[in-house]
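As structure tokens, the structure follows; a few thoughts come after it.
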Amino acid sequence: MNPETRAQLARTLRQYRTWEPLSRLSDRLRVLPPGDKLVAAVLGAAIIVASVAGFYGLERALLVQVPARGGTLTEGEVGSPRFVNPLLALTDADRDMTALTYAGLMGLSGNGSLVPVLAENYTVSPDGKEYTFTIRQDARFSDGTPVTADDVVFTVQKTQDPALKSPQLANWSGILVEALDQQTVRFTLPKPYAPFLENTTLGILPAHLWREIADEQFPFTNLTVQPVGAGPFAVTKVVRDASGIITEYDLAASKDYALGRPYLDGINVKFYTRQSDLASALTRGEVESAYGVPTPGALTAPFSSVFGVFFNADQNPLFTHLEVRKALSIAIDREHIVNDVLNGYAKALTGPVPPESGIDTTPVTPDPNRIADAAKTLEDAGWTYDTTERAWKNASKNLSFDSITIKTSNVPELKATASSIRDDWQKLGIDVTIELYEPGDLNQNVIRPRKYDALLFGMVVGRDQDLFAFWHSSQRNDPGLNIALYANKDVDALLEDARSTSDESKRVEDVNAIEKDVSADYPAAFTHTPEFVYAIPKNLHGVVLPQITTPADRFATVADWYRNADSLWPFLESLTRR
């Protein structure tokens, strides 16, 4: 401090000491008796403490908590990734790692809507057949190279290459993609398709790394396990066991992510062979988060899927009769399946659209007289139960109904659900046999050739509620997904209209009509929609789950997850946004 400043400070202090009100107060305190001085000192201290506490409380009331960078998360899951590539991903582990490391033109938000990610904006032509996207100037892959229209064109055209056998091929068949300039790409559809935007969530590959890799080498290049994408996180370490199976991934936040660097510094993902191993790891604290492990306080979200027993009249002609299908549906105790078999992690349903999807689904109410009501449905149609032969018979139609075989996957939830349905149908007087198959075997040798009379299975409907593949008559044969072999001309027309209209209210109207018509035809005895369960640590914030189509959807808002927070005045909050 220079002499001039020191002198000015001294003058100010002298003036402060000679301030008349303060001077008088000081004089009075000096003449007080010792006991009164003590009281005055205590009161003064109390006033100071109260003032400080008041100011602190006011500050705490006005300050806002904002996410801060830092911290990591250890995630556990069952399986091991093989193809961390949006064009090849087959398993949940593949899709999870792809969701964390890749990004599409569009992405999923926490409320289930689609939002631009690599795209800055997009336009749709009046006829609904052309979609034009402008790519963000600052969009970068994790190796620092810019994302361009050429990368998008390469990715889509590679998906369309039949030699690659991409699971995404059907979504892009017949669609023309072209780069208009470095930052602009256009898709031309053969005809309007309202759910097309969902396709553009496909992760974009860096063309400069993949272009020279032959189709037959795509699954085997190192890029399938150490991906270079434009997602929120980038791979820093891959851990394998002695047999070469991946057991762990270390991911670091990408500073180049188009929507801003994630708050978490990184995510460590550990893979386990069995669900029981994962549950034990979560209990031990070896991992902090995991899906499919019910724990107190776990987050839940509706799965965008419907489960039920689908009837195949080609294998069992009795299912051509509406009253038979209806009676079997009525007899099922859905409340027991939801509450006891699935431990409350499901919602009952009787139609083809998941609940909480914005569609008017039929309410499900417990029916204590369901077996009697199911029997009456058969009796009203001319059926009688022959107690000697233990079979339902319809003399006028020369029909007899005494047994059903339910085929399903050999997984605990479906096995238990099939057993519950068997018990209900046996109460109706029908003998039921259950045949269990490994998932791959069920798909290849039962579902694809349609070799079942009753199939307990789940349909992943999707957020776009495009039911065409599941209920249109043209999809009755493989590779179509109409596993009930359902055919209804009115429903066909509604399905075609719903996927082509750009009028959202008209599309909802169509889907409501589809839900009503299919439910009334009983092509399946629908049972439930499972709930997605996601256990997370208490100090992880910002996790918002949309309606779940695949488990990877839980990462929709992963860039906004945080473990640390700062307290700021409201006017400074905007300065912290990514």
Original post:
Tell me, what is the FRET efficiency for K538 and T300 to the nearest 0.05, using R0 = 22 angstrom and their Cβ-Cβ distance as r?
Top reply: 0.85
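For the range 301-532, compute Rh as the Kirkwood radius over C-alpha pairs and then the Stokes-Einstein diffusion coefficient at 25 °C and 0.890 mPa s; write the answer in µm²/s, rounded to an integer.
On the way: Rh = 18.1 Å.
After rounding, the answer is 136 µm²/s.
Would you mind giving the three semi-axes, in whole Å and largest first, of the ellipsoid equivalent to the range 506-569 according to its Cα gyration tensor? Write out the running numbers ahead of the final one.
Values: eigenvalues 302, 49, 15 Å².
Semi-axis lengths for the range 506-569 are 39, 16, 9 Å.
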Original post:
Mind listing the Cα extents of the range 390-510 along all three principal axes, in Å, largest one first?
Top reply: 53, 41, 25
Original post:
By a straight-distance test (C-alpha under 23 Å), which lysines pair with K270 as possible cross-link partners, with residues fewer than eight away in the same chain excluded?
Top reply: K237, K538
Original post:
Which value at 222 nm does the chain reach when only helices count, each DSSP H run of 4 or more adding -39,500 (n - 2.57), with the total divided by all residues and rounded to the nearest 500 deg cm²/dmol?
Top reply: -9000 deg cm²/dmol
Original post:
Hey, how many Å between the Cα centroid of the range 533-552 and the Cα centroid of the range 142-207?
Top reply: 28
Original post:
What percent does the relative contact order of the chain come to when contacts are Cα pairs within less than 8 Å and at least six residues apart?
Top reply: 20
Subject >> DSSP beta bridges in the chain [antiparallel fraction, %, rounded to 5] >> reply: 75
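Throw me the Rg/Rh for the range 449-566, computed over C-alpha atoms with Kirkwood Rh, two decimals. Mind showing how you got there, number by number?
Details: Rg = 18.5 Å, Rh = 16.9 Å.
Result for the range 449-566 is an Rg/Rh of 1.09.
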Original post:
If R0 is 35 Å, what FRET efficiency do you get for T384 and D314 from their C-beta distance, rounded to 0.05?
Top reply: 0.85
**OP:** Using only Cα atoms, locate the centre of the range 276-302 and the centre of the range 229-273, then give the distance between them in Å, rounded to an integer.
**Re:** 19
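How would you rank T159, T557, going from fewest to most other Cβ atoms within 10 Å of each one's own Cβ?
Values: T159 24, T557 18.
By the 10 Å Cβ count, ascending: T557, T159.
From Cα pairs below 8 angstrom and at least 6 apart in sequence, can you work out the relative contact order of the range 72-298, rounded to a whole percent? It would help to have the intermediate numbers written out before the result.
Working: 461 pairs, mean separation 67.5, N = 227.
Relative contact order here is 30 percent.
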Original post:
So how tilted is helix 275-284 from the main axis of the chain? Cα-based, degrees 0 to 90, rounded to 10.
Top reply: 20
Original post:
Of K129/K516; K393/K451; K407/K489; K326/K451; K326/K427, which ones are farther than 19 Å apart at the Cα?
Top reply: K129/K516; K393/K451; K407/K489; K326/K451
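Please work out the ratio of the alpha-carbon Rg of the range 140-291 to 2.2 N^0.38 Å and round it to two decimals. Intermediate values should be presented prior to the final figure.
Working: Rg = 18.3 Å, N = 152, 2.2 N^0.38 = 14.8 Å.
For the range 140-291, the normalised Cα radius of gyration is 1.23.
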**OP:** Please work out the C-alpha center-to-center distance from the range 345-368 to the range 110-127 and express it in whole Å.
**Re:** 30
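For the chain, what number results from the quotient of the Cα radius of gyration and 2.2 N^0.38 Å? Each step should come with its number before you reach the end.
Working: Rg = 32.0 Å, N = 578, 2.2 N^0.38 = 24.7 Å.
Ratio of Rg to 2.2 N^0.38 Å for the chain: 1.30.
Averaged over all directions, how much area does the convex hull of the C-alpha atoms of the range 278-332 cover when projected, in nm²? Mind dumping the intermediate values first?
Details: hull surface 26.8 nm².
For the range 278-332, averaging the hull's shadow over all directions gives 6.7 nm².
Here, each number is a calculation from the coordinates, and none is a lab measurement. Everything numeric here is computed off the predicted structure, so don't read it as measured data. Cβ: placed from backbone, ideal geometry, glycine included. Neighbour counts: every protein chain shown.
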